[in-house]
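Visitor: Below: one structure in structure tokens.
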Amino acid sequence: MTYGAKKYDVDNWKLPCENPRQHLQSAMRHMLELVDGNEIDDESGCLHSGHVIANMMMYNYHKHRNIKNK
């Protein structure tokens, strides 16, 4: 989460999200890197598995918010 806070802004991921699926898509990109044997993300230097976990947390946060606000 530290890398994202530097790249985007602190708690930027909590802002309203029109398309929570973007987090699923990002998680999948990182998951595919893991499947291909790449542990470290070239851009961030962080583990792809950490990106998967963070993206799924963000997805769940926004899906819960969207369901709760309907």
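Computed from the coordinates by the stated procedures, all read-outs in this text should not be read as laboratory data. Because the structure is a prediction, the values reported are computed rather than measured. Please note: Cβ atoms are built from the backbone with ideal geometry, for glycine as well, and neighbour counts cover all protein chains shown.
Visitor: Quick one: angle between helix 48-68 and the longest Cα principal axis of the chain, in degrees between 0 and 90, rounded to 10, please.
Guide: Roughly 10 degrees between the two axes.
Visitor: Using helices alone, I'd like the mean residue ellipticity at 222 nm for the chain: each DSSP H run of four-plus residues gives -39500 (n - 2.57), total over residue count, nearest 500.
Guide: Helix-only estimate at 222 nm: -19500 deg cm²/dmol.
Visitor: At 0.36 nm per residue, minus the direct Cα-Cα distance, what do R21 and D36 gain on full extension? Give it in nm, one decimal, please.
Guide: Taking R21 through D36 to full extension adds about 3.1 nm, to one decimal.
Visitor: Write out the GluC sites (Glu not before Pro) in segment 30-64 meeting two conditions: DSSP loop, and at most 15 other Cβ atoms within 10 Å of their Cβ.
Guide: For GluC sites (Glu not before Pro) across segment 30-64 that sit outside H, G, I, E and B with at most 15 neighbouring Cβ atoms in 10 Å, the list reads E39, E43.
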